1. Can you give the helix-only mean residue ellipticity at 222 nm for the chain, where every DSSP H stretch with n ≥ 4 adds -39500 (n - 2.57) and the sum goes over all residues, rounded to the nearest 500 deg cm²/dmol?
2. Give me the one-decimal Kirkwood hydrodynamic radius in Å for the stretch 122-166, with the sum taken over alpha-carbon pairs.
3. Let me check I have the definition right: for the chain, take the eigenvalues of the Cα gyration tensor, multiply each by 5, take square roots. What are those semi-axes in whole Å, largest first?
4. So how strong a dipole does the stretch 80-166 carry about its Cα centre when Lys and Arg Cβ are +1 and Asp and Glu Cβ are -1, to the nearest 20 debye?
5. Can you tell me which of Pro80, Pro63, Pro106 moves the most in a GNM of the chain? Springs connect C-alpha atoms under 10 Å apart.
6. Could you give me the ³J(HN,Hα) list for the stretch 73-90, computed from phi with Karplus coefficients 6.51, -1.76, 1.60 and θ = phi - 60°, whole Hz, x at Gly and Pro?
7. As an exercise, use a Förster radius of 35 Å and the Cβ-Cβ distance of Val84 and Asp64 to find the FRET efficiency, rounded to the nearest 0.05.
8. With contacts defined as alpha carbon pairs under 8 Å and 6 or more residues apart, what's the relative contact order of the chain in percent?
Amino acid sequence: MGNEAANEFVISRVLNAPREIVWRAWTDRDELMKWFGPKGCTIPVARLDLRPGGTFHYAMRTPDGKEMWGKWTFREIDAPSKLVLVSNFSDADGGITRHPMASDWPQETLSTTTFESQGDKTLLTIRWAPWNATDDEIRKFNASHDSMTMGWGGTFEQLAAYLAGK
C-alpha cells in the first residue's frame, strides 16, 4: 500500500458563483445530472443519498453512446465547505467494478472536494488519491495525471456553463 497523500492529484478552479450555489450544484441530484462529467457526457440515471455512508450512484453516457456506472460513498460532509468520498466504478446494481478500459486503475479512490468563498466567487479544489491501492494501481493513477487534468477540466467547463445559466 502506498502513501495516499504522496500520490495525490490536485486540481482547482475559481467559479463565478457564490459558494452555496456551487455546493448545491455539487450535492443536489437534479443539478448534478445537468452538468457532471467530462465535456459531452450526460448523466441519464442517478440516485443520491447525501449523508455520511450514503451514496451517489449514477450512469454516465459518453457522446458515442457508451454507458459507464460510478458510485461515490460519502465519508464526510461539511456543508457548504467540504465533501470527502470514496469513488468507484460500478454496475447498474451498485456493485463495485473495475475501470471498464483500465483494469489496473485503482478500484477505490479518495476524493476531498473543498469549496472556499472568494467574495462572490468560489475556489473549488479537488484532491484525489488512490485508496487501498496496490503499487501497480498507484503507478497507473500517477501516470494518468494528464488525462485527469483534461477530464476534470472538461467537467469544470460544464459546471461553469451550468452556473452561468442559473
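1. Values: 4 runs with 45 residues, N = 166.
Dividing the helical sum by the residues of the chain leaves -8500 deg cm²/dmol.
2. Numbers: mean 1/r = 0.0809 Å⁻¹.
Here the Kirkwood hydrodynamic radius works out to 12.4 Å.
3. On the way: eigenvalues 112, 69, 50 Å².
For the chain, the ellipsoid semi-axes come out as 24, 19, 16 Å.
4. Values: 7 positive and 11 negative charges, 62 e Å.
It works out to roughly 300 debye.
5. Maximum fluctuation in the GNM of the chain, among the listed residues, is at Pro63.
6. Along the stretch 73-90, the couplings run 10, 6, 9, 8, 10, 10, 5, x, 10, 7, 10, 10, 8, 9, 10, 9, 6, 9 Hz.
7. Details: r = 33 Å, r/R0 = 0.93.
For R0 = 35 Å, the calculated efficiency reads 0.60.
8. Numbers: 353 pairs, mean separation 46.7, N = 166.
Taking the mean separation of contacting Cα pairs over the length of the chain, I get 28 percent.
Every number here is computed from the coordinates shown, using simple stated rules; none is lab data. The model shown is predicted, which means the values in this text are computed figures rather than measured ones. We place every Cβ from the backbone using ideal geometry, glycine too, and count neighbours over all the protein chains shown.
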